[in-house]
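J.: Pasting in a structure now, in structure tokens, and then I'll have a few things to ask.
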Amino acid sequence: MQHRMLSTLTHWSINGKIGIRQPGQSESAAINNWSQRGDHYNIDLSSLLLGMGAIHIEGNLDYILLSDSDEQNIYSDDPESLLEQHAGWTLPLAYIADWVKGIPSPGSPYRLEFTAEGRLAHVEQSGWTVTYRNFLEVGDYPLPAKITITDGERRIIIVINQWQLL
């Protein structure tokens, strides 16, 4: 099954774009590099919107370190809260690395829908709906190229231009 095969993919990197829309805010940024090694992530973003410039995000589910273009480092042991306070973004960090690969996150109930061709079309998990459009064949893996993640009025769109398996 594709789900089991993708769950073994733990070291990867992507580049592309991310757009975040929520009440009173709409932003986009280039994903210059998002590398994932198990639960640990390093994400380099850049945007001219709202003066964000370059931002580096490093962490896992237990901590986050945010560095901006002014070389200010902000640390927290509550990653989702720090992103919301500093950038104004609400991101489901506990799930997003799995969703980017095109699988549900383990440890939380989910519902899946597939296309007629057998590709994953939707994941519903923890109040979020993840919709997959377009896939890239990378080695033996069919990996998402466009992902839309919604929760009520919040929407995150990730467009992946390139996958690299590490």
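J.: If r is the Cβ-Cβ distance from Asp77 to Ala116 and R0 is 41 Å, what FRET efficiency results, to the nearest 0.05? Present the calculation step by step, with values, prior to reporting the outcome.
T.: Numbers: r = 45 Å, r/R0 = 1.09.
Once rounded, the FRET efficiency stands at 0.35.
J.: Of Ser46, Pro106, Leu120, which is farthest on the positive side of the dipole of the chain, counting Cα position, with +1 on Lys and Arg Cβ, -1 on Asp and Glu Cβ, and the Cα centre as origin?
T.: Leu120
J.: Further question: Suppose a student asked you for the relative contact order of the stretch 38-136, using Cα pairs under 8 Å spaced at least 6 residues apart; what percent would you report?
T.: Details: 139 pairs, mean separation 12.3, N = 99.
Here the relative contact order equals 12 percent.
J.: Give the range of the longest stretch in the chain that excludes all GluC sites (Glu not before Pro) found in loop regions by DSSP and having at most 12 other beta-carbon atoms within 10 Å.
T.: Segment 1-70 is the longest.
J.: Expressed as a fraction of 2.2 N^0.38 Å, the rule-of-thumb size for a compact globular protein of N residues, what is the C-alpha radius of gyration of the chain? Don't jump to the answer; show the numbers that get you there.
T.: Values: Rg = 15.4 Å, N = 166, 2.2 N^0.38 = 15.3 Å.
Relative to the rule-of-thumb radius for its length, the chain sits at 1.00.
J.: Further question on the same structure: Just to be sure I understand: with springs between alpha-carbon atoms less than 10 Å apart, which residue in Ala145, Ala87, Ala116 has the highest mean-square fluctuation in the Gaussian network model of the chain?
T.: Ala116
J.: A follow-up question, please. Per residue of the chain, what 222 nm ellipticity follows from adding -39500 (n - 2.57) for every DSSP H run with n ≥ 4, rounded to the nearest 500?
T.: Details: 3 runs with 24 residues, N = 166.
Computed mean residue ellipticity for the chain: -4000 deg cm²/dmol.
J.: Let me ask another. What does the charge dipole of the chain about its Cα centre add up to, to the nearest 20 debye, if the Cβ of each Lys and Arg holds +1 and the Cβ of each Asp and Glu holds -1? Write out the running numbers ahead of the final one.
T.: Values: 11 positive and 20 negative charges, 148 e Å.
Charge dipole of the chain: 700 debye, to the nearest 20.
Bear in mind these aren't lab numbers, they're just calculated from the coordinates by the rules spelled out. Please read all numbers here as calculations on a predicted model, not as lab measurements. Please note: Cβ atoms are built from the backbone with ideal geometry, for glycine as well, and neighbour counts cover all protein chains shown.
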